[in-house]
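Working notes for the structure below.
The values are calculated or read from the model by the stated rules, or taken from the named source; none is laboratory data. Just so you know, these numbers come straight off a predicted model, no measurement behind them. Methodologically, a virtual Cβ is constructed for each residue, glycine included, from the backbone with ideal geometry; neighbour enumeration extends over all protein chains shown. Calculation scope for accessible area: heavy atoms of the full protein, side chains included, ligands and nucleic acids excluded. Shrake-Rupley method; radii C 1.70, N 1.55, O 1.52, S 1.80 Å.
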Amino acid sequence: MSLAQALSLLPRRDLLEGPTPIQRLHRIEDAMGLSSNGIRIYAKRDDLMSLGGGGNKLRKLEFLFGDAEMAGADTIIATGGRQSNFTRLAAAAAARLGMACELVLARMVPRGGGEYDRNGNVLLDDLFGARIHDLPAGGDSTGFAQKRAEELRLAGHIAYVATLGGSSPVGSLGYAACALEIQAQSHDLDMDFAAVVVPNGSSGTQAGLVAGYRALGLDTTRVRSHSVLAPAASAVSATVEMANGALTLLGFEASLRWDDVQVSGDQLGPGYGVPTSAMVEAVRLMASREGLLLDPVYGGKAFAGLLADISAGRYAAGDNVLFIMTGGSPGLYAYASDFLGANRKDPT
Ligand SMILES: Cc1ncc(COP(=O)(O)O)c(C=O)c1O
């Protein structure tokens, strides 16, 4: 069976408008000058979706809401960090699909204060009408979500729990579908992408792409990530396990091994959600040269990694490289002081 046929058999709710565009980043290439080594940099605009501000998590939520509906759920419980893009989009999708939504937010980042606690995704979670459970530092969000699902069950509801980042084999199917989309666009553009570059947080995005590449018979090591949450070795293990889970759901052999998955830990810096100067520079470069917004936790670090890899000669001259813009720009408002503070550089 083909990947397209396998995907069509699985429950899914439409949350996207169709394929997201692929655009060349000419002005970034120009800014890199000779160090770009003739590499053509493209962005796949997964930030460009109309629902809830858009972003990679909507692809996962298509399959998670399909699964929830199959289970007869009337409520979705989503977990994430305080500034989670996943919970924001789960709340928006629930609003559109007419399902109740509860969010369990954990303190995963050593930050607080007005802009972090009340702005960005937190503000939007509230506007989308979700009920929010704000856990203290050290709280177990998955345990809390399961307990809350049981309480709801006793009250006559059926709750579907979607844990951290929507990264489960079911959620990652959204990016197996994206692999198919990239293959079709590559064909239409008559262009071969030597690499597809993504951030790796809870690993579902890369896992889905890798599963999709394997199911399509393509080289899975072309999907490269920059880890923003876990050390590279742990991110590889999590990605392999989830990708094999996705392949099983699709009816393909769970054949991936650790050396099929490429993850770099170079951009993690002091840890998850902690800014680095390379991230600040990458976000500023993309904004001032292309007018596009990266986010400070995921895309900013991954794009910094791509720029560093290009400058270090890790891609061959003339390669086409596709960077997946995964969205998350509401997070910028939670990190305003990192951009307007000591690291401020005037655009050139
Ligand atoms: C904007 C954005 N980009 C990338 C990622 C990373 O995706 P994953 O958790 O599937 O690795 C996330 C995850 O929260 C995200 O919100």
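Side notes on the structure shown:
- Among the conditions (1) open to solvent by 30 Å² or more (accessible area, probe 1.4 Å); (2) touching a Ser or Thr at 6+ places or on another chain (Cβ under 9 Å); (3) under 16 Å from VAL321 (Cβ atoms), the only one that GLN23 does not satisfy is (2).
- The sole residue among GLU281, GLU290, GLU241, GLU253 that is over 16 Å from the mean Cα position of the chain (by Cα), within 14 Å of the ligand (Cβ to nearest atom) and open to solvent by 40 Å² or more (accessible area, probe 1.4 Å) is GLU241.
- Checking each residue in segment 190-236 for being touching a Ser or Thr at 6+ places or on another chain (Cβ under 6 Å) and of a type in the set (Ser, Thr, Tyr) picks out SER202, SER203, TYR213.
- Matching residues, segment 147-181, being out of contact with any Ser or Thr (no Cβ under 8 Å at 6 or more places or on another chain), within 16 Å of the ligand (Cβ to nearest atom) and either more than 21 Å from LEU229 (Cα to Cα) or of a type outside the set (Gly, Ala, Ser) (or both): VAL170, LEU173, ALA176, ALA177, CYS178, ALA179
- Residue check for GLY66: small (Gly, Ala, Ser), in contact with a Pro (Cβ under 6 Å, 6 or more places away or on another chain) and either surrounded by fewer than 18 Cβ atoms within 10 Å (Cβ to Cβ) or modelled with pLDDT of 95 or more (or both): yes
- Qualifying residue in segment 162-180 (condition: more than 25 Å from MET242 (Cα to Cα) and either among the hydrophobic types (A, V, I, L, M, F, W, C) or surrounded by 13 or more Cβ atoms within 10 Å (Cβ to Cβ) (or both)): no
- Residues of segment 262-278 that turn out to be buried (at least 22 other Cβ atoms within 10 Å of the Cβ) and either hydrophobic (A, V, I, L, M, F, W, C) or modelled with pLDDT under 95 (or both), as a count: 1
- Qualifying residue in segment 211-221 (condition: in contact (Cβ under 8 Å) with a residue 24 or more places away in the chain, touching a helix residue (DSSP H, G or I) at 6+ places or on another chain (Cβ under 8 Å) and closer than 19 Å to ILE310 by Cβ): yes
- Tally of residues being in a strand (DSSP E or B), closer than 22 Å to SER329 by Cβ and among the basic types (Lys, Arg) across segment 1-56: 3
- Restricting segment 191-205 to residues that are under 23 Å from GLY313 (Cβ atoms) and touching a Lys or Arg at 6+ places or on another chain (Cβ under 9 Å), the residue that is farthest from the ligand (Cβ to nearest atom): MET191
- Neighbours by Cβ (under 8 Å, 6+ apart or cross-chain): first from segment 134-158, at negative phi; second open to solvent by 30 Å² or more (accessible area, probe 1.4 Å) and part of a helix (DSSP H, G or I): LEU135/PHE144; SER141/LEU164; THR142/LEU164
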